[in-house]
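**Student:** Below is a structure I'd like to ask you about.
The values are calculated or read from the model by the stated rules, or taken from the named source; none is laboratory data. None of the values given here were measured: they were computed from a predicted structure. Glycine gets a Cβ as well: all are built from the backbone with ideal geometry, and neighbour counts include every protein chain shown.
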Amino acid sequence: MSSGGFTGRDLTPEQTARLIGAAYPPTAEQAAVMAHPMAPQLVVAGAGAGKTETMSLRVVHLVATGQVAPDEVLGLTFTRKAAGELGERLRERLGTLERAIGARRRIPREDLDAARPTVSTYDSFAGTIYKDHALRIGLEPTARLITDAETYELAFRTVSTWTGELAELGESALSTIVAAAVSLDGQMTSLLRADVYERILREELEATAATLLGEGEGWSRSPNADVRKIASRHRGRAELVDIVLALRAERIATGVATFADIASAARRIVTEVPDVADELRARYRLVLLDEYQDTSVAQTDLLAAAFGGGCAVTAVGDPHQSIYGWRGASAAALETFPERFGGATPAEVRSLSTSWRNDVSILEVANSIARPLGAHSSLPLPTLGARPGAGEGSVESAWFVTSDDEAKGIAEILRESWYEPAMRAASGEGAGPAEVGSAHPTAAQAVATSTVATSTAAAPTAAVLGRTNGALVTIHAALLEAGVPAQIVGAGGLVLRPEILDLRAALAAAVDPTRGDLLVRLVTGLGLGLADLRTLHAWSGYLARAGLRSGTAAATAPTAGSVTSAAQPTAAGASGAGAEEPAGGPSSGEQTDTDPFESVIDPRQEQTLAEAIDVLPPEEYEAYGHRLTHVARDRLERLALALRRIRAAAHLPVQDAVAIAIESLGLDLEVVAASPHVEPGIARAGLDEIVRLASSYAAGVDGASLSGFLTYLDRAEEREGGLSDADPSESQEASGAVVQLMTVHRAKGLEWDVVVLPGLMRGTFPAVSYKKVSDEETLPNDNAWLGDLGAVPSSVRGDADRLPQLDLTGVGAPADAGRALKDFGLTAGAHAVLEERRLAYVAVTRARSRLLMTWATFKNGGATPQVRSPFLAEAIRTGEVRPAGGHEIDPPEEPPEENPSRGVEVSAVWPPEPAEEADVSRRARAAAEGVRAAADSGAGLDDGEDAGLWDRSAAILLAERAELASVLGEVPLGEHLAATSLVAMAEDPEGFARQKLRPVPRPPATAATLGTQFHEWVEHRFDAQALTGLVPDPDDAGLLDPALGVAEKDASGAVDERRLAELQEKFEASEWGARRPLAVEAPLQVRVGPVVLRCTIDAVYESADGIDIVDWKTGRIPPEDALPTKLLQLDVNRLAWSRAKGGPVEEVRACLYYVQHGVTIPAIQDDEAATEARILAVLGIEAG
């Protein structure tokens, strides 16, 4: 051993624990792990069994007994959070050991080493190997790691520009191909056997497809549709392999890499360069591998090559908690450890079976669910036992008729047994029920009762854990409606909330106007009457048939009283029907058999919905005997304005575009108004979270785009836990302030006092379909990798011998192929239920003291009665489950055969009556008046309690201000910055830092609104010019009239047509109005030093001696001393255009044109070095 160890080999594990003051003596199992010699061992540790404590005790014991020095210890785990916890525990324990030795002199202390163990994540460990040794296998060691978000953005760009043949994938949506390519890339990197290369994978896929189709066998008939579909998907995967190779080539070319790339390369290094493995073994004599069941094939190969063959490796894991197979975890990791890491004999296997988390009844249920897993493992799987002094705990169940009833019932139970008792306890009225836990106020309760809680950690915590995100949205809404604070954690559930769906629809429609399906969601949400919807549909049809675009349609739209032929549109419609009816509807007084709501929508007509909203029909336009009502027109105009603003913001940083969309749609106000019983901050939490997610996405993606972000959100919706947030990673800690809702995948590693598991029905949890194989038997059935375009075949995986295999041996006819797929489906189905059983075990063991398990006979809107989940049935058979809050565990003897909600006629006033809207406004005004009155009168300030509350609030705000001031100089810029932000930074560095650190929405300004309107008008003007090839006549109302849709209402509701018209007139008279631009509203970006600056160039003109860039300004000319900072934007524009087009910056002129004054202010025409130096100076970076 090194000189840094201690001596004292006679210490027992129990003595070591006493020496460092451990709260409890080690159990016999823990002592065995601690005292294990310097040799490999596998520790199978159940949920909550104290694995982190045991690993730290083993290190302390081996250091105390002189067998290893602290700096010879390597600890690996999956997340930074877990690595931090293990590292802190080790530092604390070793520090206590030092002090104990120094004080008691029980052990000679000749050379106490100050070095500490190395603790990191698996990814970081692989990254260190890669950085130090990549050149030895011909790779570049400086590759930059990219996040999941940047991986998707890169894949989006690769797929959207793909020119290769896609015979099988050609009909797939772009987002589908992107998601599949990312998934297949990851699986190929992490799961393939080391000897399987891309060519072998393609050959495997092609051979399987050919066998299924009987190609070359002379079959008399072709296989059935299911077989053909599976064969087509195999060939689609083969096509995806080429896209994956292009994606990898792009990563190499741009100097970036994924975590999977790094792990795979590190495996190659350790395998192909033996010196590296020797160096690692010499440096780290004791290795701890945490959560080993979640390692991938590439990671296990890397670790076995580095530390296999008898090194002192302690791997800790739980086969019952192996739930991340879909993201690359290998099912074989734990079971193959003894042979792969053992020396002459297999490594010893030990267990930790005492749960330090769960009460007795919860452990009984967990053990009953886990018990069948033992028959499918070669490892001894322990039965969890309760800790000394554990409580009995509580397991309850409730049955409901429908899923809606279930959501409301869960909300009612949590309100009555968790929230209200805690509220009473916080207000001093006495503690709640014993099963709730210690009665301490939560953060929300402290605010409500003006009570300052010294620690929210002691407050009882609660969570709802769903199998997927879908049901969580309904339960979340029910909790808020019941007045219970609740929060959906993670992108996967967030993207399904109604307000986020509206936001996604608006953003996607702005990026892609052809997405009429998304606009339908927004239009129906306006509460228009059926007659108005039919009229809008007819107008959309008219635009589609006429082949017109916004900006040109208004000039030629049908008007009242026109005299036309049967094939031409009129205000009232047209005589005739079908294809010869451009107006899309019958004339007044006429009837036809065609109704747009009873026919299939023409795709062209659907795509034209964006145009129909952007340019509404004239006032006199009539279809089906109806004109748009004033209410409908007003609401559609507001939607059109919102979409224009969102479209104009699409080039901005992603988080800015998202924030502008929220404000434009009024979603922040809508969610607060919709939940009057909920704190506004909680009601807006989803919107705040999506902005934070957008900001995180933009920060981690080079060249982030709104389109890429939307694809990222689509993928988050598809995957149970979102993207990286489903990883066992930096999950949000349990909080007593709110009920947290998340998927079970995301909940791993967390725990709560109270846990609710909803949706415990067969087919939901377990999420496996069931197939009737006979009159008496229904069995689970699953397509496994066959149904996933982004999955590699199980036959080529490194853990193939532990996975179901598609056996095509003896397939000689179409019927044989069908039978092979059927057999595989049943085998894979049984395997899938085992995977779901592990997930159920994880879910149950998240509860410390109370567990509620619920189910319903009918899903929302469903007609088929559901069957109770086998996991819930097994829990009930333990005898530990009791009814919850007046509900029944079982349905009645004669349960309903039909979903009662399907037979109930739901009625409502639609569209909402103006009186209802007025009532909302009236209540808002009344609330505002109340606040003003209280502020003016100072009411309540003389009251001691209220004064104390105000004092505390003031103290908090002042402390926050001081804290903010102290960190302003440390605010990171990030890798991306808008040109306008650069100007703001130059004008007011402190104000910019303050806004960057804590963004606060700015109030709408009339001047800014006018500027937006003018920019939109200019863009429309030149867009129309480009379409027609003509310079429009200023008197042409169809092109330049404010009715085109750009002279919209400002924030106060007033239309400033006069000022806009003045600006339009002055622009037309200027030199810029007479010239035709090369480009308008051109989004560009340029790297200056370490920062990528984004800009949108208003207009670019080409002349004989170079380029003129113009930035329109509708405000006043700034003072002369303020001009240098304003001109910084032009510096960015010049650099961006020069580098994008490849010309010298000296040939790019730029200017600010103040339209109101007709004044042009030129940029500083410096060379590239001087221009860049000016920008770097603002960023605080020294040039050169």
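**Student:** Suppose we filter the stretch 1135-1153 for residues that are surrounded by 18 or more Cβ atoms within 10 Å (Cβ to Cβ) and either out of contact with any Asp or Glu (no Cβ under 9 Å at 6 or more places or on another chain) or not assigned by TED's automatic domain parsing to the domain that holds His1015 (or both); how many remain?
**Tutor:** 2
**Student:** Looking at Val1092 and the list (1) part of a strand (DSSP E or B); (2) farther than 15 Å from Cys1151 by Cα; (3) out of contact with any Asp or Glu (no Cβ under 8 Å at 6 or more places or on another chain), which single condition is not satisfied?
**Tutor:** Here Val1092 clears every test but (3).
**Student:** Within the stretch 772-789, is there a residue that is basic (Lys, Arg) and at pLDDT 85 or above? Reasoning before the result, please.
**Tutor:** Keep residues of the stretch 772-789 that are basic (Lys, Arg), which gives 772.
From what is left, the residues that are at pLDDT 85 or above are 772.
So far as the stretch 772-789 goes, yes, one or more of its residues are basic (Lys, Arg) and at pLDDT 85 or above.
**Student:** State which residue is farthest from the chain's Cα centre (by Cα) when the search covers only the stretch 151-199 and only residues that are among the β-branched types (Val, Ile, Thr) and within 19 Å of Ser330 (Cβ to Cβ).
**Tutor:** At the first step, the residues of the stretch 151-199 found to be among the β-branched types (Val, Ile, Thr) are 151, 158-159, 161, 163, 176-178, 182, 189, 196.
Subset that is within 19 Å of Ser330 (Cβ to Cβ): 189, 196.
Numbers: Thr189: 23, Val196: 32 Å.
Filtering first and then ranking leaves Val196.
**Student:** So Val1100 fits all but one of (1) surrounded by 17 or more Cβ atoms within 10 Å (Cβ to Cβ); (2) part of a helix (DSSP H, G or I); (3) modelled with pLDDT of 65 or more; what number is the exception?
**Tutor:** Failed condition: (2).
**Student:** Something else now. Collect the residues in the stretch 210-259 that are at pLDDT below 90, within 27 Å of Asn783 (Cβ to Cβ) and not charged (D, E, K, R), keeping them in residue-number order.
**Tutor:** Result: Gly216, Trp219, Ser222.
**Student:** So if I check each of Gly1143, Gly1115, which one is in a loop (DSSP other than H, G, I, E, B), of a type in the set (Gly, Ala, Ser), under 26 Å from Val1018 (Cβ atoms) and touching a residue at least 40 places away in the same chain (Cβ under 8 Å)? Talk me through it step by step, then tell me what you get.
**Tutor:** Details: Gly1143 fails: touching a residue at least 40 places away in the same chain (Cβ under 8 Å).
Only one candidate qualifies: Gly1115.
**Student:** Tell me whether the stretch 473-493 contains one or more residues that are in the same structural domain as Asn860 (by TED's automatic domain parsing), at pLDDT 85 or above, under 28 Å from Val833 (Cβ atoms) and not in a helix (DSSP H, G or I).
**Tutor:** No: zero hits.
**Student:** I'd like to check which helices (runs of 4 or more DSSP H) are fully inside the stretch 272-379 and have at least 1 residues that are modelled with pLDDT under 90 and either out of contact with any helix residue (DSSP H, G or I) (no Cβ under 7 Å at 6 or more places or on another chain) or hydrophobic (A, V, I, L, M, F, W, C) (or both).
**Tutor:** Those helices (runs of 4 or more DSSP H) span 297-307, 333-341.
**Student:** Taking the stretch 1074-1089, which residues are under 22 Å from Leu1063 (Cβ atoms), of a type outside the set (D, E, K, R) and in a strand (DSSP E or B)?
**Tutor:** Result: Ala1079, Val1080, Ala1082.
**Student:** Out of Glu364, Glu339, Glu335, Glu392, I need the residue that is of a type in the set (D, E, K, R) and touching a Lys or Arg at 6+ places or on another chain (Cβ under 9 Å). Which one?
**Tutor:** Glu335
**Student:** Determine whether Arg882 is surrounded by fewer than 21 Cβ atoms within 10 Å (Cβ to Cβ), touching a Lys or Arg at 6+ places or on another chain (Cβ under 8 Å), touching a residue at least 40 places away in the same chain (Cβ under 8 Å) and not assigned by TED's automatic domain parsing to the domain that holds Ala194.
**Tutor:** Criteria not met by Arg882.
**Student:** Hey, could you check the stretch 188-206 for residues that are out of contact with any helix residue (DSSP H, G or I) (no Cβ under 8 Å at 6 or more places or on another chain) and in a loop (DSSP other than H, G, I, E, B) and say which is surrounded by the most Cβ atoms within 10 Å (Cβ to Cβ)?
**Tutor:** Residues of the stretch 188-206 out of contact with any helix residue (DSSP H, G or I) (no Cβ under 8 Å at 6 or more places or on another chain): 195, 197, 199, 203.
Retained after the next criterion (residues that are in a loop (DSSP other than H, G, I, E, B)): 195, 197.
Details: Asp195: 8, Tyr197: 12.
Among them, the one singled out is Tyr197.
**Student:** Okay, moving on. Counting residues that are crowded, with 21+ Cβ neighbours inside 10 Å and charged (D, E, K, R), which strands (runs of 3 or more DSSP E) fully inside the stretch 757-868 reach at least 1?
**Tutor:** Working: elements: 769-772, 778-781, 847-858.
Fully inside the stretch 757-868 and qualifying: 847-858.
**Student:** Something else: Given the options Arg387, Arg357, name the one that is of a type in the set (D, E, K, R) and either under 33 Å from the mean Cα position of the chain (by Cα) or more than 19 Å from Gly46 (Cα to Cα) (or both). Let's see the steps before the verdict.
**Tutor:** Details: Arg387 fails: either under 33 Å from the mean Cα position of the chain (by Cα) or more than 19 Å from Gly46 (Cα to Cα) (or both).
Selected residue: Arg357, the only one of Arg387, Arg357 that is of a type in the set (D, E, K, R) and either under 33 Å from the mean Cα position of the chain (by Cα) or more than 19 Å from Gly46 (Cα to Cα) (or both).
**Student:** Report yes if some residue within the stretch 391-399 is under 30 Å from Cys311 (Cα atoms), buried (at least 20 other Cβ atoms within 10 Å of the Cβ) and in contact with a Pro (Cβ under 7 Å, 6 or more places away or on another chain); otherwise report no.
**Tutor:** No, there is no match, as no residue in the stretch 391-399 is under 30 Å from Cys311 (Cα atoms), buried (at least 20 other Cβ atoms within 10 Å of the Cβ) and in contact with a Pro (Cβ under 7 Å, 6 or more places away or on another chain).
**Student:** Could you identify the single residue in Val119, Val63, Val43, Val59 that is modelled with pLDDT of 90 or more and touching a Lys or Arg at 6+ places or on another chain (Cβ under 6 Å)?
**Tutor:** After applying the criteria, what remains is Val43.
**Student:** Right, something else. Which of the residues spanning the stretch 615-651 are crowded, with 19+ Cβ neighbours inside 10 Å, part of a loop (DSSP other than H, G, I, E, B) and of a type outside the set (Gly, Ala, Ser)?
**Tutor:** Val615, Leu616, Pro617, Tyr621, Glu622, Tyr624, Arg627, Leu628, His651
**Student:** Tally the residues that are of a type in the set (Phe, Trp, Tyr) and more than 22 Å from Val297 (Cβ to Cβ), restricting the search to the stretch 174-224.
**Tutor:** 1
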